[in-house]
1. Let me know the number of lysine pairs in the chain closer than 22 Å at the Cα, not counting same-chain pairs under 8 apart.
2. Would you calculate a helix-derived [θ] at 222 nm for the chain, using -39,500 (n - 2.57) for each DSSP H run of n ≥ 4 and dividing by the full residue count, to the nearest 500?
3. Calculate the spin-label point distance for A74 paired with D202, positioning each point 7 Å from the Cα along the beta-carbon direction, and give it in nanometres.
4. Need one number for segment 153-198: average projected area of the convex hull over its C-alpha atoms, nm².
5. With labels modelled as points extended 7 Å from the Cα through the Cβ direction, what inter-label distance (nm, one decimal) is found for D184 paired with S140?
6. Working out 0.36 nm times the residue gap between T4 and A27, then minus their Cα-Cα distance, what length gain in nm do you get to one decimal?
7. For the chain, with the dipole built from +1 on Lys and Arg beta-carbon atoms and -1 on Asp and Glu ones, taken about the Cα centre, which of A159, A72, A55 lies farthest toward the positive end?
8. With r as the distance between the Cβ atoms of A104 and E227 and R0 = 25 Å, compute the FRET efficiency 1/(1 + (r/R0)^6) and round to 0.05.
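Bear in mind that the values in this text are calculations on the coordinates, not laboratory data. Since the structure is predicted, the reported quantities are computational estimates derived from the model, not experimental observations. With ideal geometry, Cβ positions are generated from the backbone for all residues, glycine too; neighbour counts draw on all protein chains shown.
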Amino acid sequence: MTTTISPLIAGNWKMNGTRGALDELQALADMLTTGEAPRAIVVVCPPATMLAAVARQGATSGIQAGGQDCHAAASGAHTGDIAAGMLADAGAQYVIVGHSERRADHGETDDQVRAKAEAAIGAGLKPIICVGETEAQRDSGQADSVVASQLAGSVPDAAGQHEVIVAYEPVWAIGTGRTPTNDDIASMHASIRRQLVDRFGDKGQVIRILYGGSLKPQNAREILAVEHVNGGLVGGASLLAKDFYTIISAV
């Protein structure tokens, strides 16, 4: 982990959670406030229906809230979509954009992801911009070029003046229990760092790069120790307070 960058651990609840999940959030809050103070910024990204409740309940323990997606437009005739300003109004401070499941299930392009990130910045949110390759792309030797293209197309120029986060998620490792080797992770994160520095200069040195691909209590400590890994984007393990706290504590 790059020591000059304060780490961030974000939990993506995906399409999981009703009001009963607030009990787990409270359990996490209790662990964070009674145990050793966390060395990481802690963010929980629940379904939009729970965002305001998570923001309100998490505030007392330092847990910050984030959305899972936003629309590029500030308002308009977009039934079922949520504007970045609406997320901010509900208490969000972050928003995930370009998650592999959005790219795959909804056909989102790099241009659309960049527009969403720009909208998030405009609303005062910090976008967590996801990039990553599929198994077929990695097996065919395209991993580096795919991620480089996604970075170039998805990260807005405004990242040079505003806070953004990049999350590397090897698509083939999400929810499968499979993880790349530490060397694979180190190589990709170093490549991402070089590209950010090439584009943004000194600012590229301090943009957080999260790892997101089956990050679990069992592997969190070693993965979070890899150079240029500045935290994690956690899926299923963030739904259980004990597991999520163990990952947070691994920083």
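1. The number of close lysine pairs in the chain is 8.
2. That calculation yields -11000 deg cm²/dmol at 222 nm.
3. 3.2
4. That works out to 4.0 nm², a quarter of the Cα hull's surface.
5. Between D184 and S140, the label points sit 1.8 nm apart.
6. Values: separation 23, 0.36 × 23 = 8.28 nm, distance 3.01 nm.
Full extension of this stretch gives 5.3 nm more.
7. The residue sitting farthest along the positive end of the dipole is A55.
8. 0.30
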